[in-house]
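Beneath this line is the structure, given in structure tokens, with notes to follow.
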Amino acid sequence: MSNRLKDNVSSQWVEAANALRGKNARRRIVAYVESYDDIYFWRTVLSRFEDDHRYFEVMLPSKMNLTRGKKSVLMNLIRGERQEVRGERQEVRGETPLGDAMIACVDADYDYLLQGATEQSKKVLKSPYVFHTYVYAIENYQCYAPSLHDVCVAVTLNDHRIFDFREFFARFSEIIFPLFVWSIMMYRNGQYPRFSITDFNRVADPGGFTVQKPEACLTNLKRKVGVKIRELQRLFPNAKDEYLRTKDDIRQLGVRPQDTYLYIQGHHLFDTVTAPILTKVCNLLRQERQSEIYHAQAHHTQKRNEMSCYENSRQDIKTMLKKNTGYQQCPLFIKLQADVERFLATTPARKTKAVSALQPTAAPGAAQDARHDDHAVPAGGDAACPPYTSSAGPQ
């Protein structure tokens, strides 16, 4: 074990530092994330819980080591787990730095849907000090369909609705859902080398998209998905029962066919699906605004100045998409914040006079039980899920 202070910073160390600031000082809770892009997202998650008694500091696990990613966060921070002894949280052998004053915030990836099928999935789901996005990654939240029109307005300064993002992504999701079930099944049973996420992404690419005729790319996508499913049926002719179990399981976890896009690989959704679509929609909105200025009844110099002003006010599409916070109305984001709220309700610091006067402290361990036993999205999520058909699963 290292004797250097920077290698032994833990939740207990942060709690001790908080104690030195006095009883009336705000408690500092450190939230470690995977990369720089995650800092702003998790700030939007945690900021609503800051008050006169606590605040969060979102940061990377190490300022000295440039290693990034979920695996780095988990391996560095989850060396052991706390357990409850006689109603109190205590450290077990192989002490973890995480605790009431230090948490880890990571992308769910497939770990949420794998439900403990791998060691990493177990760590993400079982630790009460690890919070995950439920969706695959923060990019999936940034591409939340109901918020994409607002992104277009921010980019082009044109509020004309020329494309229905909700309808398109719902149809896109319903088409890829059967193949997505195959992908989850392969990762659960260890057969993923025969059908990896990369293979899935190669099929789930709506190339050839046009704003005027989006149906064409969806029809082609449906054809590609059908071809791949038939290939998988031939490779795994006896997998029908497992397929049906997997489909029912992920539906119980809250995955609806029309929301499948939230659970596929985030970078693929951002770079290959959403950004190209937004680019074509925004180009039309720009041209519409420029045409209005060009045909306006005004002097040539005035129109030139207006055009220059408009061009200087436009924003970059990917930059605005990364700054998109419209996902805060997403049920899964609300569920994530509910996890944080339950965790904070069980921390020892909640037993102060200022807070205990407002509400009783929940029983220790309630946060973990509530987070990992109740995975369903608000009621009604399964109603739109189509029944299993021979064209979707194994024959």
Based on the alpha-carbon gyration tensor of the stretch 196-242 and its eigenvalue square roots a ≥ b ≥ c, which shape applies: rounded if a/c is under 1.5, prolate if not and a/b is larger than b/c, or oblate? prolate
Where in the stretch 121-158 is the amide nitrogen less than 14 Å from a point lying 7 Å along the Cα-to-Cβ axis of residue 44? 133, 135, 137-152, 154
Summarise the accessible area of the stretch 139-218 (1.4 Å probe, protein heavy atoms) by the percent that is carbon and sulfur. 47 percent
Distance between modelled label sites at residue 238 and residue 20, nm, 7 Å Cα→Cβ extension: 6.4 nm
Surface per residue (accessible, 1.4 Å probe) for the stretch 203-290, Å²: 45 Å²
Rounded to the nearest 0.05, what FRET efficiency is calculated for residue 338 and residue 267 with R0 set to 25 Å and r the Cβ-Cβ distance? 0.40
Is the stretch 97-191 best put as rounded, prolate or oblate by its Cα gyration tensor, with a ≥ b ≥ c the root eigenvalues, rounded for a/c under 1.5, and otherwise prolate when a/b is larger than b/c, oblate when not? oblate
Net lengthening on full extension, residue 153/residue 220 (0.36 nm per residue, minus Cα-Cα): 21.2 nm
Using 24 Å as the Cα-Cα cut-off, could you pick out the over-long pairs in 247/280; 126/318; 122/247; 126/335; 280/318; 23/335? 247/280; 126/318; 23/335
Counting C-alpha atoms alone, how compact is the stretch 234-349: give Rg to one decimal and Dmax as a whole number, in angstrom. 23.6, 74
Between residue 304 and residue 323, 0.36 nm times their residue separation minus their Cα-Cα distance comes to what? 3.8 nm
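The values are calculated or read from the model by the stated rules, or taken from the named source; none is laboratory data. Nothing here was measured: the structure is a model prediction, and the numbers come from that model. Note that each Cβ is placed from the backbone with ideal geometry, even for glycine, and that neighbours are counted across all protein chains shown. Note: areas computed on protein heavy atoms with side chains; ligands, DNA, RNA excluded. Shrake-Rupley method; radii C 1.70, N 1.55, O 1.52, S 1.80 Å.
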